[in-house]
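Down below is the structure, laid out as structure tokens.
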Amino acid sequence: DLGARAAERLGVEQVVVDVRTRQDADNADYVEAITGAGLIYLSGGNPKHLARTLIDTPVWNAIHRAWRQGASLAGCSAGAMALSGYVPDIRHPRSGGQDGLGLVPELRVLPHFDVYGKWIPDIVMRPLLTESTTVIGIDEQTAFRAEPPEDLEQPWSFRGVGRGSCWRIESDRKYRVNSPMELSVV
């Protein structure tokens, strides 16, 4: 298990909060386990299911509260997608997406971009590029984070082995690509 090995290397305890259903997300024991966490990590899987499961639940409220109180919050793949304001359905673009957790409302995330980016047709990208949204493609083994991480009002940038790509339509309808970005968080 990658998470357990990473925790061991850091000398910290890994606590798995196995939330799979909305009923799980209402569990007071899980809320208690999140309280006081130093790092909260939302893993991969199905981003729409993850967002649907957590939205407006005690577990999501505990995650958001812990993050606001100084815990680090990370999302990998589906976890990163779910943290945004909208989760697109990449596999079935015509079926549409759904609301995300809204931590960074104007952000849309496309993970594994170095692997899947070449397969994403322009027709999938078009609905994501709306006024005042930022779409980022994040390569594997790459992070998109606030600079410095404790100051979310500073520009965000890509870090890691891979690269990141971003698309943003400003009011003049021009793209700004691969530049530090200021994003609003809630």
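Could you give each residue of segment 110-116 its phi-based ³J(HN,Hα) in whole Hz, using Karplus coefficients 6.51, -1.76, 1.60 with θ = phi - 60°, and x for Gly or Pro?
With the stated coefficients, segment 110-116 comes to 10, x, 6, 5, 5, 8, 9 Hz.
Give me, ordered by chain and number, the residues 5 or more places off residue 108 or on other chains with an amide H under 5 Å from its own placed amide H.
HN-HN under 5 Å from residue 108: 134, 135, 136.
Report Rg(Cα)/(2.2 N^0.38 Å) for segment 1-76, keeping two decimals. Let's see the in-between values first.
Values: Rg = 12.2 Å, N = 76, 2.2 N^0.38 = 11.4 Å.
Cα-based Rg divided by the globular estimate yields 1.07.
What list of ³J(HN,Hα) couplings, whole Hz, do you get for segment 51-62 from phi and the Karplus terms 6.51, -1.76, 1.60, once you set θ to phi - 60° and write x for glycine and proline?
Values, residue by residue: 5, 4, 5, 9, 3, 6, 10, x, 5, 5, 4, 5 Hz.
Whole angstrom only: what separates the Cα centroid of segment 1-26 from the Cα centroid of segment 71-115?
What the calculation gives is 21 Å, centre to centre.
In whole Hz, with x marking every Gly and Pro, tabulate ³J(HN,Hα) for segment 83-88 from phi via Karplus 6.51 cos²θ - 1.76 cosθ + 1.60, θ = phi - 60°.
Residue by residue, segment 83-88 yields 6, 7, x, 8, 10, x Hz.
Residue 57's amide H: which non-local residues (gap 5+, or another chain) put their own amide H closer than 5 Å, with H modeled 1.01 Å from N in plane and none for Pro or chain starts?
none
All of the numbers you see were taken from the coordinates with simple rules; none came from a lab. Keep in mind that this is a model prediction, so the values were computed, not measured.
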